[in-house]
Amino acid sequence: MKDIISIIKENEKRYLNPLGLDKGTIVRWAKGMDLVRSETVFYTGGLYQMVPYIEKFASIMEKMYGISSTTIGIARLLSRAKSLASLVPVGNTERYNKIIRNIFTVLRTRINELGYLWEDDIYSGALYYDLGLNRTFESHIKVVSDIMRRNNVKKVITIDPHTNFVLRELMPKYTDFDVEVLHYTEVLSDLSIKADGYVLHEPCYMARWYNLSDKLCSILNGVKKPKTSGTYTNCCGGPIESLFPKIAKRIANNRLRELRKISENVLVSCPICLANLSRAGGANIVDVGEVIL
């Protein structure tokens, strides 16, 4: 685990994200789109872009933890890695880029001057906070704050609950810069998405903060919910999948069993939930961003 934490910290220094994704990978979703900078920005935080890397890396770690010389093998593998992303050759990332484009496309019909920060669309720092890497988080969130200030940002529209929590709840506590932060479901309150046949898995950070689950459910027409929903929603297993993949998968399997009692089609609205429940397997896991159009 120390080796992984060390590389996460090194990736932060070099790439400003824990997996070591380059800026080209993060902004690729917007390729060919005429997006300008604005006081109101669409902020991805790079989390959906990380999903295929998270899935692959967690699978690799799970397999390595199952062999006899695991510690030595993992240490050797990590010592040769320039970044965690370099360990996991990923094929098609288009699914995740399309989720982002879909959400942006709908938002742009409601916000005339919705901008994008391009290379300044950096990771929020959520994992550092979750892992208790306090110094790393404090340093990183100041970088995020400085970027917002430099770009004269007044309002931020987030697309995942982790980024939303960090910018909305933590940034004002750790920095002297505060902006208006909204989750995209709060902007799209008049939307009606056909969700018949789906069961909803509510992310922890949506169910327990800012009534975001209520906002989400209000735009999903016909969606079903398990008994453990709302503030009692159960965890998907994240964000520990890179450090403790077997534990994360066991938690995801438990949650998936609850959801599959209602439907084999599971709707999520969080990239970490998408990664963990998909890795558990046995059901059709779909992000809200895939059915929003």
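Bear in mind that the values in this text are calculations on the coordinates, not laboratory data. All of these numbers come straight from a predicted model, not from anything done at the bench. Cβ sites come from the backbone with ideal geometry, for glycine too, and all protein chains shown count toward neighbours.
Placing a pseudo-label 7 Å from each Cα along the Cα-to-Cβ vector at residue 94 and residue 180 gives an inter-label distance of 3.7 nm.
Against the empirical 2.2 N^0.38 Å (N residues), the stretch 193-290 has a Cα radius of gyration ratio of 0.98. Sorting 212, 293 by the number of Cβ atoms found within 10 Å of their own Cβ, with the fewest placed first, yields 293, 212. So, counting K/R as plus one and D/E as minus one, what does the shell of residues with Cβ under 9 Å around residue 118 add up to? That sum, taken over residues with Cβ under 9 Å, equals -1.
Scanning the chain for cysteines with no neighbouring cysteine C-beta under 4.7 angstrom from their C-beta gives 204, 217, 235. Note on the stretch 193-290: dipole from Cβ charges, positive end direction compared against 244, 271, 199; the farthest Cα belongs to 244.
Taken along the Cα-to-beta-carbon direction at a fixed 7 Å, the label points for residue 154 and residue 293 span 3.0 nm. Within the shell of other residues whose beta carbon sits under 11 angstrom from the beta carbon of residue 54, the net charge comes to 0, with Lys and Arg scored +1 and Asp and Glu -1.
Altogether, the Stokes-Einstein calculation at 20 °C and 1.002 mPa s, with the Kirkwood radius of the chain over Cα pairs as Rh, returns a diffusion coefficient of 110 µm²/s. Summing charges over all other residues whose Cβ lies under 13 Å from the Cβ of residue 221, with Lys and Arg as +1 and Asp and Glu as -1, gives 0. For the chain, hydrophobic long helices are taken as DSSP H runs at least 15 Å long by C-alpha position along their axis with mean Kyte-Doolittle hydropathy of 0.0 or more; these are 47-64. Per-peptide packing, taken as the mean over residues of other Cβ atoms within 10 Å, places 39-46, 268-275 in the sequence 268-275, 39-46 from highest down.
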